[in-house]
1. Within the range 123-137, can one find any residue that is assigned to a helix (DSSP H, G or I), open to solvent by 80 Å² or more (accessible area, probe 1.4 Å) and modelled with pLDDT of 90 or more?
2. In the range 151-166, is there at least one residue being assigned to a loop (DSSP other than H, G, I, E, B), at pLDDT below 75, among the aliphatic types (A, V, I, L, M) and within 53 Å of the chain's Cα centre (by Cα)?
3. Out of (1) within 30 Å of ASP15 (Cβ to Cβ); (2) among the basic types (Lys, Arg); (3) open to solvent by 100 Å² or more (accessible area, probe 1.4 Å), what's the single condition that is false for ARG77?
4. Could you please give the count of residues in the range 12-29 that are surrounded by 14 or more Cβ atoms within 10 Å (Cβ to Cβ), closer than 17 Å to PHE45 by Cβ and of a type in the set (A, V, I, L, M, F, W, C)?
5. State which residue pairs qualify: first residue open to solvent by 30 Å² or more (accessible area, probe 1.4 Å) and inside the range 39-68, second residue assigned to a helix (DSSP H, G or I) in any location, beta carbons under 6 Å apart, and separation of 6 or more residues or different chains.
6. Quick one: VAL90 ticks every box in (1) touching a residue at least 12 places away in the same chain (Cβ under 8 Å); (2) β-branched (Val, Ile, Thr); (3) open to solvent by less than 50 Å² (accessible area, probe 1.4 Å); (4) over 30 Å from LYS13 (Cβ atoms) bar one, so which box is it?
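The values are calculated or read from the model by the stated rules, or taken from the named source; none is laboratory data. Keep in mind that what you see is a predicted model, and the values were worked out from it rather than measured. Glycine gets a Cβ as well: all are built from the backbone with ideal geometry, and neighbour counts include every protein chain shown. Accessible surface is based on the protein model in full, side chains and every heavy atom, while ligands, DNA and RNA are left aside. Shrake-Rupley method; radii C 1.70, N 1.55, O 1.52, S 1.80 Å.
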Amino acid sequence: MDRKTPAQRFAAKVDTTGPLPLIRGVLGPCHLWTGSTNEQGYGTFWANGRTVKAHRYAYEQANGPIPDGLEVDHRCRRRACVAPGHLDAVTHRVNILRSTNHVARRAAVTHCPAGHPYDAANTYRAPNGTRKCRTCKNAHSRAARAAKRTPQLAPVEPIRPRTDHTLERAA
């Protein structure tokens with residue numbers, strides 16, 4: 001009995017007549033993985049004694065090892081796609097910014113709502129990890145300190161309408 005190589009087993013689980021990419025500028029149809037997938041929808045494949053992600057295997061077969069510090073991004077935005085032309089090795093930040101989810105939208109914001117830039121000098125990280133504008137925080141703190149220093153007026157008793165009807169005009 002002839003044993004198939006990992007490359008042959010991989011090719012048997014790829015549909016090269018998949019749909020067109022979801023993003024303009026990515027050429028050719030997606031090559032959809034028809035084998036098993038994980039909970040996030042990425043194809044999984046058994047190769048060299050371990051389970052690997054199918055898109056990473058496809059990238060490595062076409063381009064060699066994935067450089068350290070980079071991850072494979074689906075330019076076509078389909079997690080089940082293993083077309084080598086649709087896969088790029090990019091940094092995590094680039095991968096996030098190419099996405100369309102809420103994280104990508106927030107990361108793409110370059111200025112705070114008041115228009116101050118999110119740059120190294122004007123940005124700090126809040127305890128929950130979000131970016132905050134240092135200029136706005138300082139202005140808010142100054143306003144709060146000024147409000148504490150401003151003397152407050154004593155509460156004034158409200159004017160009540162007169163209920164004494166004894167002064168009615170005689171007709």
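1. Restricting attention to the range 123-137, the residues satisfying the condition of being assigned to a helix (DSSP H, G or I) are 134-137.
Remaining after also requiring open to solvent by 80 Å² or more (accessible area, probe 1.4 Å): 134, 137.
Okay, now just the ones that are also modelled with pLDDT of 90 or more, so 134, 137.
Yes: the range 123-137 contains one or more residues that are assigned to a helix (DSSP H, G or I), open to solvent by 80 Å² or more (accessible area, probe 1.4 Å) and modelled with pLDDT of 90 or more.
2. Yes, the range 151-166 has at least one match.
3. Here ARG77 clears every test but (3).
4. 1
5. ALA62/PRO84
6. (4)
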